[in-house]
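Asks: After the C-alpha cells below, expect a handful of questions from me.
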Amino acid sequence: MKKKSVLQSVFGFLHSMKCGILLLLLIAAACTAGSLILQDQIPAYYEVNYGSQMARWILTLQLDRIFTCSWFLLLTVFLCLNLALCSVTRFGVTYRESRRYNLEDRKQKLLTSMKEDAGDVVWDYRCRRRLGLWGPWLCHVGLLLLIAGFALGRQFGLESYIYGVPGETKTLEETGYEITIEDFQIDLREDATVKQYTASLTIHEQESGRSVFGTAQVNYPMDAFGMRIYQNSTGWACQVDVYREDVLEETKLLCVGEVLSVESMPDLALVFQKFYPDYAMTDQGAVSISSELKNPCAGFLMYYDGQVIAADTVGIDHAVLAEPYRFVFHDPQPYTLIQVLRDPFQWLAALGGGVILLSLLLCFYWRPEETVTARGKDGRVCGWFHSRQVTRVWEEEAIQGKEEKR
C-alpha cells in the first residue's frame, strides 16, 4: 500500500469528520467562556473581579474579547474550510450513491435466491424518498451559508450601541447618522413592575439633511434608513462634577459601567460601578429595597495608574475624595440603551438556517426505501426491502433472511 504524503494526510484530516467535530467543540468552549466572562472591559475590571493572576491569563489569551480575537477567527476560518472541503468531496459520493437506486443494480439481490435466469423473471421495482440521501450534504452547505452570512454581515453591516438620556444627541460612529433621544418613558403596572420601555427618537442623516422620527420599544424596533433601532435596555445615570481644590473643572453624565478620566491627571479614573435607588445594607450586602429614589447611592471604584485605590458607596450630593480632586454624584435619572443594527447579508444567514432545517428533515424523516419483487415461472414471488435501518429478503410472504441493523 502506497504511503500517503504529508500534504495528502493534512488534506485528508482537514475535510474529515474528526476535524469538524474538534473545531465545533473548540468553538463551543470559546463561546461558553465568552458568555461567562464579561467582554470588552478595561484591564483593571478583570483584576478586581478575577484576581491579578487570573486576569493575566484572561488578557494574555484574549478571553476579554473572544469573538473578535485572532485565534477565534482562525478557528472559524478552519471550520469554513472543513465544511467547504466536505461539501465538495461528498457531492460526488452522494451523487453516485443516488444513481445506484435502480432496478438493474438490485436484480442480483434476488436472482441467487430464486435460482432462475433473469429472462424468466417478472420484475417490479419501487423506490421512494431518494432525496433523503442529500440530507448530510445539505447540512454541511447550510452551516457554511450560515457562517458566511454572519461573517459578511459583521464585516459589512452595522452594529452600534448608544447610551443616553432625553435631550442628548449622539453620533453613530463611522456613519453619517445622528440619533437624538427626544424622550424616554418607563411604563409601570399597578404592582410597580415594568410594563414597557419607550424611547422617542429622531434619526438624522447628515448628508441629505433628512430626519425620521419614531419610537423604539422592547420587541417593537424602529426602522429608519435601512437600519433597525432597538430599545435594548435601561439603567441609571448620574451627573458627576469634578472639582480640583474647590474649582469646578468639568461636569459629565456618567452611566453605570462607564469610566470618567480626569483630563489634567490621566492616570486617575472613576468607575461608576452600580446605582442603588433605595440603598440598604443587609446580611447579603448592599441592595436596593425598591426602585424609587428614596435613598439613592452610587457604588464606585477609583483607579490610579491601573491600581484600585478606593471602592465604596457614596450618597447622592456627597463627595468622593481623591486629593486634590472631589467627585460629586448628583441628578440621578434613568438612561436608555439603544441598539442599532443593519445587516445586508441577513438573507444569507436565513437561507443557511433554512437549508439546515431542510437537511435535518431529510436525514431523520425522509429516509430512502426500496422494494424489489420478482415473480418466477412457477409463480413464486421473492422480494427485497432496503432502508437505512433494515434490509430483508422474503419469499411468499415468509421472511427468508434476517434483519440486519445498519
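Asks: With of a type in the set (A, V, I, L, M, F, W, C) and within 29 Å of Pro221 (Cβ to Cβ) as the only criterion, which of Val240, Val340 stands out? Write out each step before concluding.
Replies: On the way: Val240 fails: within 29 Å of Pro221 (Cβ to Cβ).
Selected residue: Val340, the only one of Val240, Val340 that is of a type in the set (A, V, I, L, M, F, W, C) and within 29 Å of Pro221 (Cβ to Cβ).
Asks: Which of the residues spanning region 197-231 are open to solvent by 90 Å² or more (accessible area, probe 1.4 Å), closer than 17 Å to Leu341 by Cβ and either assigned to a strand (DSSP E or B) or touching a helix residue (DSSP H, G or I) at 6+ places or on another chain (Cβ under 8 Å) (or both)?
Replies: Scanning region 197-231 gives Tyr220, Asp223, Arg228.
Asks: Turning to a different aspect of this structure: Please list, ordered by residue number, the strands (runs of 3 or more DSSP E) wholly in region 156-196 having 2 or more residues that are without any contact (Cβ under 8 Å) to a residue 60 or more places away in the chain, acidic (Asp, Glu) and open to solvent by 40 Å² or more (accessible area, probe 1.4 Å). Spell out how you get there, then give the answer.
Replies: Details: elements: 158-164, 169-171, 177-188.
Passing ranges, in order: 177-188.
Asks: Of these, Ile356, Ile338, which one is in a strand (DSSP E or B) and of a type in the set (Val, Ile, Thr)? Outline the logic, then answer.
Replies: Values: Ile356 fails: in a strand (DSSP E or B).
Only one candidate passes the filter, namely Ile338.
Asks: How many residues, within region 53-63, are open to solvent by 80 Å² or more (accessible area, probe 1.4 Å) and either touching a residue at least 40 places away in the same chain (Cβ under 8 Å) or not aliphatic (A, V, I, L, M) (or both)?
Replies: 4
Asks: Let me ask something else. Can you name every residue in region 164-195 that is among the aliphatic types (A, V, I, L, M) and more than 17 Å from Pro334 (Cα to Cα)?
Replies: Residues of region 164-195 among the aliphatic types (A, V, I, L, M): 165, 172, 179, 181, 186, 188, 192, 194.
Residues satisfying the conditions are Leu172, Ile179.
Asks: Let me ask another. Would you call Thr76 open to solvent by 30 Å² or more (accessible area, probe 1.4 Å), out of contact with any Asp or Glu (no Cβ under 9 Å at 6 or more places or on another chain) and within 30 Å of Glu369 (Cβ to Cβ)? Show your work before the answer.
Replies: On the way: open to solvent by 30 Å² or more (accessible area, probe 1.4 Å): yes; out of contact with any Asp or Glu (no Cβ under 9 Å at 6 or more places or on another chain): yes; within 30 Å of Glu369 (Cβ to Cβ): no.
Considered against the rule, which asks whether it is open to solvent by 30 Å² or more (accessible area, probe 1.4 Å), out of contact with any Asp or Glu (no Cβ under 9 Å at 6 or more places or on another chain) and within 30 Å of Glu369 (Cβ to Cβ), Thr76 comes out as no.
Asks: Identify all residues within region 244-299 that are of a type in the set (Gly, Ala, Ser) and more than 36 Å from the chain's Cα centre (by Cα); write none if there are none.
Replies: Initial filter on region 244-299 (of a type in the set (Gly, Ala, Ser)): 257, 261, 264, 269, 280, 285-286, 288, 290-291, 298-299.
Residues satisfying the conditions are Ser264, Ala280.
Asks: Restricting to region 109-143, and then to whatever is open to solvent by 80 Å² or more (accessible area, probe 1.4 Å) and in a helix (DSSP H, G or I), can you tell me which residue is modelled with the lowest pLDDT?
Replies: Top of the filtered list is Thr112.
Asks: Kindly indicate which of Arg392, Arg406 is surrounded by fewer than 19 Cβ atoms within 10 Å (Cβ to Cβ) and either at pLDDT 70 or above or outside any loop (DSSP other than H, G, I, E, B) (or both).
Replies: When all the criteria are applied, what remains is Arg392.
Asks: Suppose we filter region 42-95 for residues that are of a type in the set (Val, Ile, Thr), modelled with pLDDT of 85 or more and closer than 30 Å to Asp312 by Cα; how many remain?
Replies: 2
Asks: Any residue in region 353-374 that's within 13 Å of Arg128 (Cβ to Cβ): show its pairings with residues that are of a type in the set (S, T, N, Q) and open to solvent by less than 80 Å² (accessible area, probe 1.4 Å) at Cβ separation under 9 Å, as long as the two are six or more apart or on different chains.
Replies: Cβ pairs passing all conditions: Arg367/Ser387; Arg367/Gln389; Pro368/Ser98; Pro368/Ser387; Glu369/Ser387; Glu370/Ser387.
Asks: Here is a follow-up. Name the residue, out of Ile66, Ile37, that is surrounded by 16 or more Cβ atoms within 10 Å (Cβ to Cβ), closer than 22 Å to Leu301 by Cα and in contact (Cβ under 8 Å) with a residue 24 or more places away in the chain.
Replies: On the way: Ile66 fails: closer than 22 Å to Leu301 by Cα.
Just a single option satisfies the conditions, and that option is Ile37.
Asks: With (1) under 30 Å from Ser359 (Cβ atoms); (2) open to solvent by 70 Å² or more (accessible area, probe 1.4 Å); (3) at pLDDT below 80; (4) touching a helix residue (DSSP H, G or I) at 6+ places or on another chain (Cβ under 7 Å) as the list, and Glu104 as the residue in question, which single condition is left unmet?
Replies: Here Glu104 meets the rest and fails (4).
Asks: Continuing with the same structure: Go through region 336-367 and count every residue that is over 16 Å from the mean Cα position of the chain (by Cα), open to solvent by less than 30 Å² (accessible area, probe 1.4 Å) and among the small types (Gly, Ala, Ser).
Replies: Result for region 336-367: 1.
Asks: Got a number for residues in region 265-289 being in contact with an Asp or Glu (Cβ under 7 Å, 6 or more places away or on another chain) and free of Cβ contacts under 8 Å to residues at least 24 places away in the same chain?
Replies: Pass one, region 265-289, residues in contact with an Asp or Glu (Cβ under 7 Å, 6 or more places away or on another chain): 267, 272, 277-278, 288-289.
Add one more test, that the residue is free of Cβ contacts under 8 Å to residues at least 24 places away in the same chain, and what stays is 278, 288-289.
Qualifying residue count for the region: 3.
Asks: Return the pairs, sorted by first residue and then second, in which the second residue is open to solvent by less than 70 Å² (accessible area, probe 1.4 Å) and assigned to a helix (DSSP H, G or I), the first residue lies in region 70-93 and is under 16 Å from Leu138 (Cα atoms) and of a type in the set (Lys, Arg), the beta carbons are less than 6 Å apart, and the residues are 6+ apart or on different chains.
Replies: These pairs meet every condition: Arg90/Trp137.
Asks: Only one of (1) closer than 30 Å to Val218 by Cα; (2) more than 35 Å from the chain's Cα centre (by Cα); (3) modelled with pLDDT under 90 fails for Phe329. Which number is that?
Replies: That leaves (3) as the condition not met.
Asks: Here is a follow-up. Tell me, which helices (runs of 4 or more DSSP H) lie completely within region 37-108 with 2 or more residues that are closer than 21 Å to Arg130 by Cβ? Before you say what the answer is, go through the steps one by one.
Replies: Numbers: elements: 43-50, 52-60, 70-99, 103-106.
It comes to 70-99, 103-106.
The values are calculated or read from the model by the stated rules, or taken from the named source; none is laboratory data. Here the structure is a predicted model, which is why all the values come from computation and not from measurement. So basically every Cβ, Gly included, is an ideal-geometry build from the backbone, and we count neighbours across all protein chains shown. Remember, those area values only see protein heavy atoms, side chains included, never the ligands or the DNA or RNA. Shrake-Rupley method; radii C 1.70, N 1.55, O 1.52, S 1.80 Å.
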